[in-house]
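Engineer: Sharing a structure here in structure tokens format.
The values are calculated or read from the model by the stated rules, or taken from the named source; none is laboratory data. Keep in mind the model is a prediction, meaning the values are calculated, not measured. Here the Cβ is made from the backbone with ideal geometry for all residues, glycine too, and neighbour counts use every protein chain on show.
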Amino acid sequence: MKLSPIIIASALFFTIGLFSGSLLLPHPSAASAPGGAPDGVNAAAPARTSNASDAAFVPSGLPADVGVRLQEALFGSSQRQRRHALATLADGLTTAQIQAALKQVEKINSKDKSAILAQLLGQWAVTDPAGATQYAMALTRSSDRNQAISAIAAGWAESDPKAAEAWATDLKDRAARNAAVTGLIGTLASVDPSHAFALAQSLPGNQSYSAFNSLFASWVQSDPQGAAAQVGKLPPGADTTTAAETLASTWAVQDLASAISWAETLPSGAERGSALGAIVNTWAQTDPPSAANFAVQLPDANAREGGIQSALRPWISQDPTAAIDWLQQLPEGSEKTQGLQSAVFSTMWDDPAQAAGIAAMMQPGQQQQNALRQVGSVWARNDPAGALAWAQQTDPQTQAAVLPNIIGQMASTDVQGAMNLAQSLTGDLRSNVISEVISTWAQSDPTSAAAYAARLPDGTERNDYLRNIASSWENNDPAGASQWLASLPAGAGKDEAIQGATFNAAQSDPVKAEQMAASIGDENSRQNAESQVASIWMRFNPAAATAWIQSSNLPQPTKTSLLGQH
């Protein structure tokens, strides 16, 4: 499939993966899959054909298959299918129909809105650039506006490249001008790649990534050998790495063997590693096992790990058993560990029991414990009883990692049951689980959580609980938290509670937070709290924070350290 300059402009203006996980229209399988798939997990979607229900997705007067295109753009089973659907979204639409579609898109609240707007406006600009520009300039969100401007420049350049370039380079707003030039480059690359390359080099560094993406994604479609030769002339650096990655990824769609042959001729380094990694990522969309077997042989460690991850994501979605069997035959090391982690995160939402089994295959250590902890947390959201039953069958080390999250999650619906479970435990695990239960409890009923903590005997555990309650309470109900803090008797418990509240207060009202910190009785605790608030304050109002620090009673070394942050 050859991608048009408009789709290149809209798809590459921001980072790849624009459509992952967010909703524009009702998912065709929403009724049978509550909650949907999480970001980053490829959920297979059934092929769709036009039917009467698709007409409900578009306003009257538009072709019914526009609904199908939108569905496939958002929920297609592969990146290639989604990109193709976006590329053809505006095909065959008249200017009036595009305007009608835009009215419908205006109602959408989704991060995908920018790309849909851009595709429609880019097509409008082919025949009526002035009208499309007027519409784009009226968009209120800068992200929508700039991506639309980029697509307009790409569409306009198809019919009148000189006028489009004059318009783009004459835009007064710098962000809009850079966006327009980036879109323009994608169209010019197929007819005058040398001029497009010069334009790309004229952009500031923070815009060069999108520009080089647009340039080489378009250039490689019309003249892959010429594009490859140009990459070979570039000096080492970020732009060259971007160019090599984009060229390799796009070329692999058209001619996988040629893309691999070219990438393997690059000198070892970032450009070669990025190019080979991009090829694996593209290859994995159609043949994950072959892509994985290729990736595991790459000499560059970063490309090898990244390539394995890229191949595993679609493979696990299509055939988890085969993917996991392949992973298990890898030698112990970072590639196997990262691969198993990827498998855990890809399966834990739909099948947490399977994800737990995969995590158990990892080498014992912190990475395994983190993976098990995340599985337990996700499992407990949907099936707390199942998560608890699994956790109770694991070894003590795993229980210590997963039970706090699981029982803490249970407290959101059954505080008493969660507390009973927590109190049945022993040692540090008991304290950690009770802390999680109280933190969850404090989110919904801080008064009751505080009353429970107040009945506990004095000591470190009680003080820690009071601190957690105060932090949550201050975040949700500052007035209620202040009233409760004032009611506490002086002592270590009150000091700990005030410290917990000051951190959250400092995010929105540092003056109030410093006043709270000043009421702490213990001198060391007071100075620690005041320093923490001052450090946060320095991040967003250094002038006011500096004035406070200089007039405070903090020790001079502490003042010097805080003032040195600015």
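Engineer: Consider region 549-562. How many of its residues are part of a helix (DSSP H, G or I) and either of a type in the set (S, T, N, Q) or over 21 Å from ASN524 (Cβ atoms) (or both)?
Structural biologist: Summing the residues that are part of a helix (DSSP H, G or I) and either of a type in the set (S, T, N, Q) or over 21 Å from ASN524 (Cβ atoms) (or both) in region 549-562 gives 6.
Engineer: Here's another thing I want to ask about it. What helices (runs of 4 or more DSSP H), lying completely within region 396-508, carry at least 1 residues that are in contact with an Asp or Glu (Cβ under 9 Å, 6 or more places away or on another chain), closer than 26 Å to SER535 by Cβ and among the aliphatic types (A, V, I, L, M)?
Structural biologist: 460-476, 478-487, 492-508
Engineer: Shifting gears a bit: As an exercise: evaluate ALA179 against (1) over 27 Å from the mean Cα position of the chain (by Cα); (2) closer than 24 Å to ALA243 by Cβ and give the number of the one condition it does not meet.
Structural biologist: Among (1) over 27 Å from the mean Cα position of the chain (by Cα); (2) closer than 24 Å to ALA243 by Cβ, ALA179 violates only (1).
Engineer: Another question, then. Counting residues that are farther than 23 Å from LEU234 by Cα, which helices (runs of 4 or more DSSP H) fully inside region 248-298 reach at least 3?
Structural biologist: Of the helices (runs of 4 or more DSSP H) lying wholly inside region 248-298, those with at least 3 residues that are farther than 23 Å from LEU234 by Cα span 270-283, 288-295.
Engineer: Within region 391-413, take every residue that is of a type in the set (Gly, Ala, Ser) and farther than 14 Å from ARG430 by Cα and give me the one that is surrounded by the most Cβ atoms within 10 Å (Cβ to Cβ).
Structural biologist: Once the filter is applied, the top-ranked residue is ALA411.
Engineer: Any residue at all in region 183-197 that is buried (at least 19 other Cβ atoms within 10 Å of the Cβ), among the aliphatic types (A, V, I, L, M), closer than 17 Å to GLN147 by Cβ and over 25 Å from the mean Cα position of the chain (by Cα)?
Structural biologist: yes
Engineer: Is it the case that ALA543 is without any contact (Cβ under 8 Å) to a residue 60 or more places away in the chain, surrounded by 15 or more Cβ atoms within 10 Å (Cβ to Cβ) and either hydrophobic (A, V, I, L, M, F, W, C) or out of contact with any Gly (no Cβ under 8 Å at 6 or more places or on another chain) (or both)?
Structural biologist: Against the criterion (without any contact (Cβ under 8 Å) to a residue 60 or more places away in the chain, surrounded by 15 or more Cβ atoms within 10 Å (Cβ to Cβ) and either hydrophobic (A, V, I, L, M, F, W, C) or out of contact with any Gly (no Cβ under 8 Å at 6 or more places or on another chain) (or both)), ALA543 does not qualify.
Engineer: For region 182-216: of the residues being out of contact with any Leu (no Cβ under 6 Å at 6 or more places or on another chain) and aliphatic (A, V, I, L, M), which is modelled with the lowest pLDDT?
Structural biologist: If we take residues in region 182-216 being out of contact with any Leu (no Cβ under 6 Å at 6 or more places or on another chain) and aliphatic (A, V, I, L, M), then LEU203 is modelled with the lowest pLDDT.
Engineer: Could you check VAL280 against (1) surrounded by fewer than 24 Cβ atoms within 10 Å (Cβ to Cβ); (2) more than 27 Å from LEU188 (Cα to Cα) and say which number it fails?
Structural biologist: Failed condition: (1).
Engineer: Quick one: is ALA543 out of contact with any Leu (no Cβ under 6 Å at 6 or more places or on another chain), over 26 Å from ASN468 (Cβ atoms) and of a type in the set (A, V, I, L, M)?
Structural biologist: yes
Engineer: Suppose we filter GLU245, GLU165 for residues that are among the charged types (D, E, K, R) and outside the structural domain of LEU121 (by TED's automatic domain parsing); which single one remains?
Structural biologist: The unique qualifying residue is GLU245.
Engineer: So for region 132-144 (the condition being among the hydroxyl-bearing types (Ser, Thr, Tyr) and crowded, with 19+ Cβ neighbours inside 10 Å), does at least one residue qualify?
Structural biologist: Checked region 132-144: at least one residue is among the hydroxyl-bearing types (Ser, Thr, Tyr) and crowded, with 19+ Cβ neighbours inside 10 Å.
Residue-by-condition table, conditions (1) surrounded by fewer than 17 Cβ atoms within 10 Å (Cβ to Cβ); (2) touching a helix residue (DSSP H, G or I) at 6+ places or on another chain (Cβ under 7 Å); (3) not in a helix (DSSP H, G or I):
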{"site": "TRP315", "(1), (2), (3)": "no, yes, no"}
{"site": "ILE324", "(1), (2), (3)": "no, yes, no"}
{"site": "LEU327", "(1), (2), (3)": "no, yes, no"}
{"site": "PRO364", "(1), (2), (3)": "yes, no, yes"}
{"site": "ALA371", "(1), (2), (3)": "no, yes, no"}
{"site": "ALA389", "(1), (2), (3)": "yes, no, no"}
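Engineer: Still on this model: What do you reckon, is ALA125 modelled with pLDDT under 85 and part of a helix (DSSP H, G or I)?
Structural biologist: The answer is no for ALA125.
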